[in-house]
Amino acid sequence: MELKKRTRWGLERGNIDLTDRPRVRNPDGSVSTVRSESNEIDGKEVLYPTVGDLREGTFGTSKSRNPTILTGKQARDIYAKTGQNLGKFRTPAQADRYAGVLHREQAKLYSDKFRKGGAVRDYGK
């Protein structure tokens, strides 16, 4: 899904490649690629992933060697350092709606990749 400027989705589209995300297997067996949160920053609700690579100091890619689930503070720090985000919105509700759509699209995209043998790092191991 492409987020265009001034659409019903938000003010600015994100700058993270959604087809090249790190993958982390959660304790319940599910997989996270764009697990996310949003916060108001400079008058905009900024949505960013809470999956990334702390050693790289980025939100990572499929080639990241140490993908992990980030705390809110770790994710905000990476956003502050890199400016990487999933989109900027007028309200938290808009960010939440987009995050839900993004989650469903990522689940569909990556479920096909996993069936074909894509690598997944187990969270906490």
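Computed from the coordinates by the stated procedures, all read-outs in this text should not be read as laboratory data. Not measured: the values here are computed from a predicted model. Positions of Cβ are backbone-derived with ideal geometry, glycine not excepted, and every protein chain shown enters the neighbour counts.
Taking +1 at the Cβ of each Lys and Arg and -1 at the Cβ of each Asp and Glu, which of G43, S62, N15 sits farthest along the dipole of the range 12-116 towards its positive end, judged by Cα position relative to the Cα centre?
Final value for the positive-end residue is S62.
From the Cα gyration tensor of the range 12-116, with a ≥ b ≥ c the square roots of its eigenvalues, which class applies: rounded if a/c is under 1.5, or else prolate if a/b is larger than b/c, or else oblate?
Values: a/c = 1.90, a/b = 1.31, b/c = 1.45.
Verdict is oblate for the range 12-116.
With label points built 7 Å along Cα→Cβ from the Cα atoms of S111 and N26, find their separation and express it in nm.
1.5 nm
Report the extension gain between R55 and N15 in nm, rounded to one decimal, defined as 0.36 nm multiplied by the number of residues separating them, less their alpha carbon distance. If you can, show how the numbers build up before the last one.
Working: separation 40, 0.36 × 40 = 14.40 nm, distance 2.05 nm.
Result for the pair: 12.3 nm of gain on full extension.
Keeping to pairs on different chains or 8 or more places apart, tell me how many lysine pairs in the range 1-98 have Cα atoms under 24 Å apart.
Value for the range 1-98: 13.
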